[in-house]
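Just below is one structure, and these are the notes that go with it.
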Amino acid sequence: MVHSAPKIASIPGIADEVAGVLGSMLLDTVDAADELSFTVDRDRLLEAMTALRDRAQYQQLMEIAGVDYPDRPERFEVVYHLLSLTRNHRIRVKVSADEDTPVPSVTSLWPVAGWLEREVFDMYGVIFAGNNDLRRILTDYGFKGHPFRKDFPLTGHVEMRYSEEEKRVVYEPVKLAQDFRSFDFMSPWEGAQYVLPGDEKVAQAPGAPTPAAAPAAAAPPAKPEGSPAAGTPKTTDKPSDTGAGAPADKVGHEPSPPAGAMPPGVEKVVAPKKNRTKATDSATGEGVAKPKRTRKPKTPEGEA
């Protein structure tokens, strides 16, 4: 069988050798993806692990994991990963268990198994007989249930906070600030019939999936008296027809003032003498010089 992970160099005949070491303790052997898995008798687990460590040269315990199969009578599997430093090879050992049946602890063979067994107990609830410190290690001390069983509310049962009155951390039942959201898994494009929070206060807008009657059009503002009717083009062909209504037409009916006359209410301003312009000839348009006044010669003194 081809596996996507880098190939592990297998040792020829290792499965038969391990089976010979385990003997009657072995229940099943699976060779898949270049990995060997051995299922052993739960009650003889400690004896099987001792034989694998001492006789088959699998000296190190690398990991302990849990697996949940809810459809099986014994729903849990405890999986041990062993490493042989001398052979540069790994094997997997499995035992089955349920909620009430304890599994023998291997802490006497590998002290590191203490924390690993605590993780499996915390997540799955598997009990390990012989572990003297089987406490929760990942969840809180007051946590109820086991997370990987998925049989508890996602929000938990209790919450903790620091109480200023008691000057310590207190545990209280969970109180959600808002209702936990529930999903109906229905696409909104398929016409889900539900009202979002706040929509009940707003009237349904026109054009919604269930159209509401559109509001009546507002009446146009009243036009001033004498305004032209709608559709009549505004023209200014005559001064009396300004196209801006009766008030402007009234002004247009008044006679135009004569040329040069000042508008009413405006006084005529006469420029000072020094600022007056020279008179011009109406024929040529050129300036006309004023005639010089002749002086009478003075009479010499002594003459009559």
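The values are calculated or read from the model by the stated rules, or taken from the named source; none is laboratory data. Quick caveat, the model's predicted, so the values are computed rather than measured. With ideal geometry, Cβ positions are generated from the backbone for all residues, glycine too; neighbour counts draw on all protein chains shown. Side chains included, ligands, DNA and RNA excluded: accessible areas come from the protein's heavy atoms. Shrake-Rupley method; radii C 1.70, N 1.55, O 1.52, S 1.80 Å.
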**Complete:** Residue hits (region 76-134; in a strand (DSSP E or B), closer than 14 Å to Arg42 by Cα and β-branched (Val, Ile, Thr)) are Val78, Val79, Val93, Val95, Val103
**Asked** Across region 30-52, what is the total count of residues that are in a strand (DSSP E or B) and open to solvent by 60 Å² or more (accessible area, probe 1.4 Å)?
**Response** 3
**Asked** Out of region 53-70, which residues are under 21 Å from Arg87 (Cβ atoms), open to solvent by 10 Å² or more (accessible area, probe 1.4 Å) and not aliphatic (A, V, I, L, M)?
**Response** Arg53, Asp54, Arg55, Gln57, Gln59, Gln60, Glu63
**Item:** Neighbours by Cβ (under 6 Å, 6+ apart or cross-chain): first from region 151-171, under 13 Å from Tyr141 (Cα atoms); second open to solvent by less than 70 Å² (accessible area, probe 1.4 Å) and modelled with pLDDT under 80
**Value:** Val158/Gly142; Tyr171/Gly142
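Among the residues of region 138-158, count how many are among the β-branched types (Val, Ile, Thr) and either outside any loop (DSSP other than H, G, I, E, B) or open to solvent by less than 50 Å² (accessible area, probe 1.4 Å) (or both).
Count: 2.
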**Asked** Considering only residues of region 160-190 that are charged (D, E, K, R) and modelled with pLDDT under 85, which is most open to solvent (accessible area, probe 1.4 Å)?
**Response** Arg181
**Request:** Scan region 90-116 and report the pairs whose first residue is without any contact (Cβ under 8 Å) to a residue 60 or more places away in the chain and whose second residue is of a type in the set (Asp, Glu) and in a loop (DSSP other than H, G, I, E, B), with Cβ atoms within less than 7 Å and a gap of 6+ or a chain change.
**Result:** Ser96/Glu74; Ala97/Glu74; Asp98/Glu74; Gly114/Asp133
**Asked** Which of the residues spanning region 86-96 are open to solvent by less than 40 Å² (accessible area, probe 1.4 Å) and modelled with pLDDT of 95 or more?
**Response** Val93, Val95
